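Student: Before anything else, here's the structure in question.
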Amino acid sequence: MIIVSKIKFLLLINLMLLFTMNDVKGQSLDQILEKHYLASGISNFKNVQSIRYNATRTNHYLEHISQDSSELTSKVIIYVTRDNEYLLQNFGFMGEDDYSYSNGYYWRDTPGPEPRQEFSPGKFYELEIKLLIDFEGFLYDWKKKGYQVVKLDDVRLSQKNYYRLELITPQKDILFYYINPISYLIDKISFQDDLADGKEHASVTFLEYKKVNGIQMAYKRLWRTHSIDGKWGDKEIKVNSIDFNPKFDKQIFTLSKKK
């Protein structure tokens, strides 16, 4: 009787695992997004109007040019307001440019006495800024934002399984999302090209998630890009602290004042 009971128990466990696997594999786009919103704590963003990131930036893609860490690493402070403004202040040893986005224009300010200059950020940096000022992320309320989102076949990257989604913006930018099927958090986003083809593409990897005010925030981001000579590497943003709704003078986004 004991043996029969053990067999029944094992059969029950196998059936439960089978149903669970089928349920995971059969997740629809709406089911995946709903679980992603819940796991991310996106609803807790509703009262957040601005964010300040205190971080360290390391340009690993320049390591083939210089091994001097002071030339590769700098302290940065990133200010963003909801769907509107962005500022990255650099505090490198040798001094670096500051960058901002305000009122539809992109600005750059050098450490020297020269006045700020309008510049074109390039598609990769433009999307990086847009992802930061859209607090809930492109996937949230995607229909209202005019995006198209479809679920593609699940994919395996670097020995990990992912739900794979494709998002197309009104400007025809294509983003591929790779969502962890266990945590339902975003692990990677690639831009224009799918990482499943095994080639190098501009992308961002989200690591070291921590819950802040009920929201899952990635404290480490690896922006995969290449230098002018075509060498690929990561621009690492390591967050030290995050402040929600900080008080600051909005004139900082005009880059009219030197730090």
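Student: For the stretch 211-259, how many residues are among the β-branched types (Val, Ile, Thr) and part of a strand (DSSP E or B)? Even if it seems obvious, please write down each step before you answer.
Tutor: Initially, the stretch 211-259 is screened for residues among the β-branched types (Val, Ile, Thr), giving 212, 215, 225, 228, 237, 239, 242, 252, 254.
Pick out the ones that are also part of a strand (DSSP E or B) and you get 212, 215, 225, 237, 239, 242.
Residues that pass the stated criteria total 6.
Student: In the stretch 153-164, which residue that is without any contact (Cβ under 8 Å) to a residue 24 or more places away in the chain and part of a strand (DSSP E or B) is most open to solvent (accessible area, probe 1.4 Å)?
Tutor: Looking at residues that are without any contact (Cβ under 8 Å) to a residue 24 or more places away in the chain and part of a strand (DSSP E or B), I get Arg156.
Student: Let me ask you something else. Counting just the residues of the stretch 176-196 that are within 18 Å of Asp30 (Cα to Cα) and among the aliphatic types (A, V, I, L, M), which one comes out least open to solvent (accessible area, probe 1.4 Å)?
Tutor: Checking each candidate, the answer is Ile179.
Student: Can you spot a residue in the stretch 142-155 that is in contact with a strand residue (DSSP E or B) (Cβ under 8 Å, 6 or more places away or on another chain) and closer than 23 Å to Gly233 by Cβ?
Tutor: no
Student: Filter the stretch 202-219 down to the residues that are surrounded by 15 or more Cβ atoms within 10 Å (Cβ to Cβ) and either in contact with an Asp or Glu (Cβ under 6 Å, 6 or more places away or on another chain) or not polar (S, T, N, Q) (or both) and list them by number.
Tutor: Ala202, Val204, Phe206, Tyr209, Val212, Ile215, Met217, Ala218, Tyr219
Student: May I ask you to list the residues in the stretch 212-238 that are under 24 Å from Lys123 (Cβ atoms), touching a strand residue (DSSP E or B) at 6+ places or on another chain (Cβ under 9 Å) and of a type in the set (A, V, I, L, M)?
Tutor: Those that are under 24 Å from Lys123 (Cβ atoms), touching a strand residue (DSSP E or B) at 6+ places or on another chain (Cβ under 9 Å) and of a type in the set (A, V, I, L, M): Ala218, Leu222, Ile237.
Student: Can you tell me which residue within the stretch 220-249, out of those that are modelled with pLDDT of 85 or more and surrounded by fewer than 13 Cβ atoms within 10 Å (Cβ to Cβ), is nearest to Val48 (Cα to Cα)?
Tutor: Checked the stretch 220-249; the qualifying residue nearest to Val48 (Cα to Cα) is Asn245.
Student: Which number in (1) at pLDDT below 95; (2) open to solvent by less than 70 Å² (accessible area, probe 1.4 Å) marks the one condition that Trp142 misses?
Tutor: Exception for Trp142: condition (1).
Student: Could I ask something else about it? Could you please find all residues in the stretch 94-129 being buried (at least 18 other Cβ atoms within 10 Å of the Cβ) and among the aliphatic types (A, V, I, L, M)?
Tutor: Leu127, Ile129
Student: Just the residues that are more than 22 Å from the chain's Cα centre (by Cα) and of a type in the set (S, T, N, Q), please, taken from the stretch 73-123.
Tutor: Asn103, Thr110, Gln117
Student: Let me ask something additional. What tally of residues in the stretch 176-202 results from selecting those that are at pLDDT below 95 and basic (Lys, Arg)?
Tutor: Adding up the residues that qualify gives 1.
Student: If I go through the stretch 176-208 residue by residue, how many of them are part of a loop (DSSP other than H, G, I, E, B), over 19 Å from Tyr219 (Cβ atoms) and under 14 Å from the mean Cα position of the chain (by Cα)?
Tutor: Result for the stretch 176-208: 1.
The values are calculated or read from the model by the stated rules, or taken from the named source; none is laboratory data. All of these numbers come straight from a predicted model, not from anything done at the bench. Here Cβ is always computed from backbone atoms with ideal geometry, including for glycine, and neighbour counts include all displayed protein chains. With ligands, DNA and RNA removed, areas are computed over all heavy atoms of the protein, side chains included. Shrake-Rupley method; radii C 1.70, N 1.55, O 1.52, S 1.80 Å.
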